[in-house]
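Some notes on the structure that comes next.
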Amino acid sequence: MEFFDFGTIFFLVAAVVIFIQLRNVLGRRTGNERPPFDPYTAARTREKDAAANKPQENVVSLPRKKATGEAEPSAYTPIDAIAKPGTDVNKGLRAIKDADPTFDPKTFVDGAKMAYEMIVMAYADGDRRTLKNLLSKEVYDGFVAAISDREGRSEKIQSSFVGIDKAEIVGAEMKGGEAHITLRIVSELISATRDGAGQVIDGDPETVAEVKDVWTFARDTRSRDPNWKLVATEEED
């Protein structure tokens, strides 16, 4: 029969004592202990709980019951706002709206004002490329002929566009599938024509002049091209 020596017995006793101390300090696992704290999981949990407790909103709005005598919104309201109902202009704009449901008179006027400035400055600068994109063939040919004559005399136009004071629709009609809208435009422009020697032969480079034009724009409503082109010009007396 073998006996443990004193050193072995000492270490066994020490191990038992340490185990008992740890058991008293840490306690025993019961299966109900909290898991280690994870800040990312906690944040996701709070968001999930908040979403679960948030009142549910209707995804689809139900149609509102129309009050007795309430009129349906009219597609012609924007037209009536700028042209008195019953007038030729109003009737013409309504006809254009019927042919092109996307037509909006205010958007058209804003675009025409931008086109007006571009055309005036392109003509002064002799910019044929810009003019070609904004003018009908007939008007473009007329503008280019005037530019060529001016260049043949070595004349140059010095212009500075000040702004548009007024732009109003004075005519509208459908010609077949083509919409035509006429605008009366009052603008301010500084313009002077100089000869080859640089001398002013027309206009005044220091004076702001008021210019009144009546321009007609057109667009084929059957085309996917949304752009309007200038088809006629005249100066108002």
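Laboratory data are not the source of any read-out in this text; all were calculated from the coordinates shown. Computed from a predicted model, the values in this text were never measured in an experiment. As a convention, Cβ positions derive from the backbone with ideal geometry for all residues, glycine included, and neighbour counts pool all protein chains shown.
The table for this structure:
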{"item": "For the range 191-223 versus the range 100-155, the gap between their alpha-carbon centres in whole angstrom", "result": "11"}
{"item": "14 Å beta-carbon shell around residue 232, net charge (K/R +1, D/E -1)", "result": "-3"}
{"item": "Formal net charge of residues neighbouring residue 183 (Cβ-Cβ distance under 14 Å; K, R +1; D, E -1)", "result": "-2"}
{"item": "Residue 172 long-range amide H proximity, modeled H, under 5 Å", "result": "182"}
{"item": "Value of relative contact order over the range 80-237, rounded to a whole percent, pairs C-alpha under 8 Å and six or more apart", "result": "21"}
{"item": "Backbone HN-Hα couplings from phi across the range 156-163 [Karplus 6.51/-1.76/1.60, Hz, Gly and Pro as x]", "result": "9, 9, 9, 10, 9, 7, 8, x"}
{"item": "Tensor-based shape of the range 125-190 (alpha-carbon gyration tensor, a/c under 1.5 rounded, otherwise prolate or oblate)", "result": "oblate"}
{"item": "Cα-derived Rg over Rh, computed across the range 80-235 with Rh taken as Kirkwood radius", "result": "1.03"}
